[in-house]
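Report on the structure given below.
The values are calculated or read from the model by the stated rules, or taken from the named source; none is laboratory data. It should be emphasised that the depicted structure is a prediction, and the values quoted were computed from it without experimental measurement. Methodologically, a virtual Cβ is constructed for each residue, glycine included, from the backbone with ideal geometry; neighbour enumeration extends over all protein chains shown.
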């Protein structure tokens with residue numbers, strides 16, 4: 001018959017062994033990727049950062065160059081009021097095609113053309129919006145107002161790539177000019193819509209949808225729109241009609257609510 005050995009502190013030998021095992025477990029080094037050999041470490045797949053595709057880069061820079069070359073020709077012919085042999089029309093179309101090539105290359109580099117993001121994410125992307133607008137402008141009437149944003153964007157992109165300081169020093173001014181040009185384009189298309197000119201109503205509707213998305217998700221456009229609303233607010237306050245004030249107040253609350261939701 002076996003007997004249990006008693007240790008001096010009054011605990012049995014089995015209890016002391018259990019305590020020593022528990023203490024050893026507490027002091028044992030935890031098993032992590034840093035404490036094991038490299039071949040035994042857990043591995044995790046991480047998507048590699050894609051490098052610059054030479055073909056996409058050539059398409060990007062060629063598209064912007066085409067936009068600037070034929071865009072400059074179109075502007076010069078427009079100012080000179082020369083449009084023989086459809087030179088102005090061809091220059092206008094080619095400049096927009098160049099912009100479409102550059103935008104497609106940028107969009108393809110960011111997302112890839114095989115695995116496109118969800119439609120909601122796709123529509124909110126400015127590159128996609130400009131690509132759709134360039135396609136519509138290509139198929140509709142010519143307008144220097146519709147064309148200028150693409151021309152200036154190509155100018156800024158190439159100036160950034162080549163580090164052309166005289167152009168980059170005016171980047172803020174050019175960005176503001178693009179923003180105000182787009183506001184003028186809304187008014188211009190609205191007037192043409194009221195006059196039942198061609199497909200101006202469809203163009204205005206599509207442009208307003210994209211502009212509204214930019215107000216919600218683009219900081220610069222949102223700030224510009226809030227500044228315009230603030231200026232209009234002072235004029236509306238002078239209106240004595242209570243219905244107009246009530247409608248304006250509700251419109252401002254709606255805009256603030258939507259912008260806060262989009263930023264949160």
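Residues that are surrounded by 15 or more Cβ atoms within 10 Å (Cβ to Cβ) and more than 26 Å from residue 98 (Cα to Cα) occur in the stretch 227-236; there is at least one.
Return the total of residues in the stretch 106-121 being part of a helix (DSSP H, G or I) and surrounded by 14 or more Cβ atoms within 10 Å (Cβ to Cβ).
The number of residues fulfilling the criteria is 5.
Screening 178, 215, 209 for residues that are loosely packed, with under 14 Cβ neighbours inside 10 Å and under 17 Å from the mean Cα position of the chain (by Cα) leaves exactly one candidate, 209. Within the stretch 73-89, restricting attention to residues that are touching a helix residue (DSSP H, G or I) at 6+ places or on another chain (Cβ under 8 Å) and free of Cβ contacts under 8 Å to residues at least 12 places away in the same chain, the residue that is surrounded by the most Cβ atoms within 10 Å (Cβ to Cβ) is 83. Considering each residue of the stretch 98-129, count those that are in contact (Cβ under 8 Å) with a residue 40 or more places away in the chain and closer than 19 Å to residue 209 by Cα, and give that number. Total meeting the criteria: 4.
Under the condition of being more than 22 Å from the chain's Cα centre (by Cα) and assigned to a helix (DSSP H, G or I), which residue from the stretch 150-166 is surrounded by the fewest Cβ atoms within 10 Å (Cβ to Cβ)? Reasoning before the result, please.
Initially, the stretch 150-166 is screened for residues more than 22 Å from the chain's Cα centre (by Cα), giving 162-166.
If we keep only those that are assigned to a helix (DSSP H, G or I) as well, we get 162, 165-166.
Values: 162: 11, 165: 9, 166: 7.
My answer is 166.
Going by the structure shown, is residue 113 over 21 Å from residue 178 (Cα atoms), at pLDDT 85 or above and over 15 Å from the mean Cα position of the chain (by Cα)? No.
Would you point out which residue out of 113, 139, 55 is more than 22 Å from residue 155 (Cβ to Cβ) and out of contact with any helix residue (DSSP H, G or I) (no Cβ under 9 Å at 6 or more places or on another chain)? If you could, list the steps in order and put the result at the bottom.
Working: 113 fails: out of contact with any helix residue (DSSP H, G or I) (no Cβ under 9 Å at 6 or more places or on another chain); 55 fails: out of contact with any helix residue (DSSP H, G or I) (no Cβ under 9 Å at 6 or more places or on another chain).
None of the others qualify; the one that does is 139.
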